[in-house]
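Have a look at the structure below, then the notes.
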Amino acid sequence: MNSFDNVKQMKRISSDEVKKVAQLARLELNASEIHQHAKQLEKILEYIKQLEKINTENIPCTTRAIEVVNVLRKDEKIDYGNSEELLDLAPSRENKFFKVPKINNE
């Protein structure tokens, strides 16, 4: 028995079910909106039924639709020829360092 067995047996989404979900979500829906949401939910459940027919037995699990690979570079120290030029660009400096506002009370 899979998790969608109850979906397979579901024929229609009732107005009471839509009202209950709307209440749980703190939504105020009028009769027209309740009817519209019921139809939309039925379409979603129909789509789930179609997806259940797809054989995914040998398909590995994934967390993303597109593979994401971190591009890393070696962490190397590179001396910049003119550090004075960079320090002069800062709003504030102290000797050979950037001066920043204090962020703790210690």
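The values are calculated or read from the model by the stated rules, or taken from the named source; none is laboratory data. All values reported here derive from a predicted model rather than from experimental measurement. Here the Cβ positions follow ideal geometry from the backbone for every residue, glycine too, while neighbour counts run over all protein chains shown.
Going through region 47-63 one residue at a time, which ones are in a helix (DSSP H, G or I) and free of Cβ contacts under 8 Å to residues at least 40 places away in the same chain? If the condition is that a residue be in a helix (DSSP H, G or I) and free of Cβ contacts under 8 Å to residues at least 40 places away in the same chain, then Tyr47, Gln50, Leu51 are the ones that fit.
Hey, among the residues in region 27-41 that are of a type outside the set (D, E, K, R) and in a loop (DSSP other than H, G, I, E, B), which one's surrounded by the most Cβ atoms within 10 Å (Cβ to Cβ)?
Looking only at region 27-41, we keep the residues that are of a type outside the set (D, E, K, R), and these are 27, 29-32, 34-38, 40-41.
Those left that are additionally in a loop (DSSP other than H, G, I, E, B): 27, 29-30.
On the way: Leu27: 12, Leu29: 17, Asn30: 8.
So, considering only residues that are of a type outside the set (D, E, K, R) and in a loop (DSSP other than H, G, I, E, B), the one surrounded by the most Cβ atoms within 10 Å (Cβ to Cβ) is Leu29.
Considering (1) of a type outside the set (S, T, N, Q); (2) in a loop (DSSP other than H, G, I, E, B); (3) surrounded by 10 or more Cβ atoms within 10 Å (Cβ to Cβ), the lone condition that Ile44 does not fulfil carries the number (2).
For the condition within 27 Å of the chain's Cα centre (by Cα), at pLDDT 90 or above and assigned to a helix (DSSP H, G or I), Leu87 does not qualify.
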